[in-house]
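Read through the structure below, which is laid out as structure tokens, and then see the notes.
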Amino acid sequence: MPTVRYLTSDDYDAIIHLYKQAGLQSVRLRGRDSHDAFAAQLAAGQRVIGLEDAGQLVGAILVTHDTRKGWINRLAVHPDHRRKGYAVHLIALAEQELRAMGLRIFAVLVEADNIASQELFAREGYKTNDAVYMSKRDSDDV
């Protein structure tokens, strides 16, 4: 199993590179995923757990909460390292982190066309809720 560590703003370029390689579609480099926004999110308590293999970032997961519910976001595993259990390991680490914060409800938002992630989280015990996600954005970059 790769080395586990908390990622910092110094890891920003490696994280964005991983997101691109993993095919994450919702990355907004001029907005919520800019270096400054990422650093501010970390300063506010958001955590990013990474997996490294031979010095290369091969997986990452973002962990945050709204004081009552833990949120797991931005799960990414490098395509060359898939089917090795890394995604399941990252989910377990995120849940462990949230439990340590006293949270017992874990939530994830998965894009409707990302069937592989939906199936992954379902196998890990996540259930689809009958809810409609709505958002209002000041721009496409946020």
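Can you pull out the residues in region 57-69 that are crowded, with 21+ Cβ neighbours inside 10 Å and either more than 12 Å from the chain's Cα centre (by Cα) or not in a strand (DSSP E or B) (or both)?
LEU57, VAL58
Which residues, counting only those in region 68-89, are touching a strand residue (DSSP E or B) at 6+ places or on another chain (Cβ under 9 Å) and farther than 25 Å from ARG5 by Cβ?
LYS69, the sole residue that qualifies.
Of the residues ALA116, ALA37, ALA92, only one is free of Cβ contacts under 8 Å to residues at least 40 places away in the same chain, part of a helix (DSSP H, G or I), farther than 30 Å from SER139 by Cα and small (Gly, Ala, Ser); which? Explain how you work it out, then say what you get.
Numbers: ALA116 fails: farther than 30 Å from SER139 by Cα; ALA37 fails: farther than 30 Å from SER139 by Cα.
Residue meeting the stated conditions: ALA92.
Give me the pairs: first residue in region 2-30 and within 23 Å of ALA112 (Cα to Cα) and without any contact (Cβ under 8 Å) to a residue 60 or more places away in the chain, second residue among the charged types (D, E, K, R) and surrounded by 13 or more Cβ atoms within 10 Å (Cβ to Cβ), beta-carbon distance under 6 Å, and six or more apart or on different chains, which are they?
If the second residue must be among the charged types (D, E, K, R) and surrounded by 13 or more Cβ atoms within 10 Å (Cβ to Cβ), the pairs left are VAL27/ASP33.
Return the total of residues in region 90-140 being over 23 Å from VAL4 (Cβ atoms), acidic (Asp, Glu) and within 18 Å of the chain's Cα centre (by Cα).
The number of residues fulfilling the criteria is 3.
I need the full set of residues from region 118-139 which are surrounded by 10 or more Cβ atoms within 10 Å (Cβ to Cβ) and within 20 Å of ARG28 (Cα to Cα), in order please.
Scanning region 118-139 gives a single hit, ARG137.
None of the figures in this text is laboratory data; all of them are computed from the coordinates on show. Worth saying up front: this structure is predicted, and the values here are computed from it rather than measured. With ideal geometry, Cβ positions are generated from the backbone for all residues, glycine too; neighbour counts draw on all protein chains shown.
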